Structures are given as C-alpha cells and as structure tokens.
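Asks: Please read through the structure below; I'll follow up with questions.
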Amino acid sequence: MSEPAADLSDLPENLPPFVRSAVETSATASGRKRLWWVIGGLLFLAALAFLAVGANGPADPELVGPVQSTTTTVPRVRFGDFGESALRVQAANTTLNPAATPFCVLVAASDAQRAQGLMERPDLGGYDGMLFQFPSPTRAKFHMRNTPLPLTIAFFDREGTFVSSADLAPCGNRRGCPQYGASAPYLYALEVPQGGLARLQIAPGSRVFVGGTCT
C-alpha cells in the first residue's frame, strides 16, 4: 500500500521553484524529518552552484584587460610608380598626438604621377589615400575622367592647414568631365574614398603633417 502524501502547507513562500517541485515529487508521509533533509540538501546544492558561477555577475573589472581591436588591417599593395609616406593628422581644436599611428598614403609628386592619379583604379590598394604634392602653391583643378572610384578631395596650404574639400563623381573616358578646385591656393591635395575624410579626422581647422615611413 502506498504512503499518504506529507503535508506541504508550511513550506516557505520564497522557496525556489525547482526546489519546491523536487520536494513535492519526493515527499511522502515517511515523515517531516526526511522532507527537511531533502530541502536542506537541495538548498546546499543551490548555494554551491551560486558560488561556482558567481551568480552570473560580470567579471571583476580589475581582472579584465583592455579590449583589443578586431579591425583587420588591409595589406597595402603599391601600384604604378607612386611613392608612399606617413601622414599625421591634427584634428581641429586639438594638439597633435605624436604617439598615434600615422596613416599611410600614396604620393604623386611628379607631373606624370599627378596626371595619372587614380585613373582606372577600382580602389586604393589598401592605402588611406593618395596625396598630390605640388612644388609651389597652386590653383590647379582636378577632374575624374576615366576614374571609376567615387572620391573626396581635401586641399591644404603650405603649412598643412585645411583649405577646402569637395566630393568627386566618377566620369567616363570622355572629354568635358567636371573640374574641381580649391577655395584658395594649396600645396597638397589628398584624395580618399568618398566620405572618408571623417575617418582621418580631416575637417575645417585640421592640419596634416607629411613625412616619415609607413608602419
């Protein structure tokens, strides 16, 4: 003959659901002593589990190292006979941080290099931009004939101070492509993928410093 169920009416109100369920399943009229041994054992196991997982709390901040960047560096592939140079940017209303890793740009310094620029190029080969360097301040204008990559150009004076910028739309291999100039004489012109000036922190009030080896 089976034993009658034990009286569970005085179980604690805040007993965890999984404990209550186990007690209701296993408790019989064998006596309240067995019942409370079951409750005590389950609560003990719950306490051990709490200590083992730390109550699902966050890790101790003192034991967590700095978050590492997951950005993958795109390998640079030089093309044409362009040179390359490090480029540091002093953002507007800041001081230059010499410890910051510089950007790396292709350099078009000769007449032939400046005439070729990024014509027929689908990308920058992993470089941050192409820098056009002139022997003296100029107002020469740029065009996008046979240049499929949408670009943004920024102009800088002999001190490296930002002059102006413009977005350049691709143009086919034809005559009459639009021309784009600076708002004042400039010594350097930097072309980047369209919309890419913000990534380099280039804007009105910023300065660029050209020179050094790319890292």
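Asks: Right, THR71: at pLDDT 90 or above and part of a loop (DSSP other than H, G, I, E, B) or not? Steps first, please.
Replies: Working: at pLDDT 90 or above: no; part of a loop (DSSP other than H, G, I, E, B): yes.
No.
Asks: Of everything in segment 94-111 that's more than 19 Å from GLN179 (Cβ to Cβ) and free of Cβ contacts under 8 Å to residues at least 24 places away in the same chain, which residue is farthest from the chain's Cα centre (by Cα)?
Replies: Within segment 94-111, the first condition is being more than 19 Å from GLN179 (Cβ to Cβ), and the residues that meet it are 94-107, 109-110.
Among the residues that remain, those that are also free of Cβ contacts under 8 Å to residues at least 24 places away in the same chain are: 94-95, 97-100, 110.
Details: THR94: 21, THR95: 22, ASN97: 19, PRO98: 21, ALA99: 19, ALA100: 16, SER110: 34 Å.
Only one residue tops the list, namely SER110.
Asks: Restricting the search to segment 107-130, which residues are in a loop (DSSP other than H, G, I, E, B) and among the hydrophobic types (A, V, I, L, M, F, W, C)? Write out each step before concluding.
Replies: Here is the first cut: in segment 107-130, the ones in a loop (DSSP other than H, G, I, E, B) are 109-110, 117-128.
Within segment 107-130, ALA109, LEU118, MET119, LEU124 meet the criteria.
Asks: Out of everything in segment 157-180 that is in a loop (DSSP other than H, G, I, E, B) and more than 31 Å from the chain's Cα centre (by Cα), what residue ends up being surrounded by the most Cβ atoms within 10 Å (Cβ to Cβ)? Quick ask: steps written out before the conclusion?
Replies: First, the residues of segment 157-180 that are in a loop (DSSP other than H, G, I, E, B): 157-160, 169-170, 172-178.
Cutting the leftovers down to more than 31 Å from the chain's Cα centre (by Cα) gives us 158, 172-178.
Details: ARG158: 12, GLY172: 10, ASN173: 11, ARG174: 8, ARG175: 7, GLY176: 8, CYS177: 18, PRO178: 13.
Within segment 157-180, the match that is surrounded by the most Cβ atoms within 10 Å (Cβ to Cβ) is CYS177.
Asks: Moving to a separate point now. Can we say LEU96 is aliphatic (A, V, I, L, M) and in a loop (DSSP other than H, G, I, E, B)? Lay out the reasoning, then the answer.
Replies: Values: aliphatic (A, V, I, L, M): yes; in a loop (DSSP other than H, G, I, E, B): yes.
When the stated conditions are applied, LEU96 passes them.
Asks: Follow-up. Within segment 131-141, is even one residue in a strand (DSSP E or B), in contact with a helix residue (DSSP H, G or I) (Cβ under 8 Å, 6 or more places away or on another chain), in the same structural domain as THR95 (by TED's automatic domain parsing) and in contact (Cβ under 8 Å) with a residue 60 or more places away in the chain?
Replies: No, because not a single residue in segment 131-141 is in a strand (DSSP E or B), in contact with a helix residue (DSSP H, G or I) (Cβ under 8 Å, 6 or more places away or on another chain), in the same structural domain as THR95 (by TED's automatic domain parsing) and in contact (Cβ under 8 Å) with a residue 60 or more places away in the chain.
Asks: If a residue has to be charged (D, E, K, R) and assigned to a strand (DSSP E or B) to count, how many in segment 181-215 make the cut?
Replies: Our first condition is that a residue be charged (D, E, K, R); within segment 181-215, this holds for 191, 199, 207.
Remaining after also requiring assigned to a strand (DSSP E or B): 191, 207.
Final tally of qualifying residues: 2.
Let's see how each residue does on (1) assigned by TED's automatic domain parsing to the domain that holds CYS104; (2) in contact with a Phe, Trp or Tyr (Cβ under 8 Å, 6 or more places away or on another chain); (3) under 15 Å from LEU131 (Cα atoms):
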residue: ALA154; (1), (2), (3): yes, yes, yes
residue: PHE162; (1), (2), (3): yes, yes, yes
residue: SER165; (1), (2), (3): yes, yes, yes
residue: TYR186; (1), (2), (3): yes, yes, yes
residue: VAL192; (1), (2), (3): yes, no, yes
residue: LEU200; (1), (2), (3): yes, yes, yes
residue: GLY205; (1), (2), (3): yes, yes, no
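The values are calculated or read from the model by the stated rules, or taken from the named source; none is laboratory data. Bear in mind the structure is a predicted one, so any value in this text is a computation, not a measurement. Using ideal geometry, Cβ is built from the backbone for each residue, glycine included, and neighbour counts are taken over all protein chains shown.
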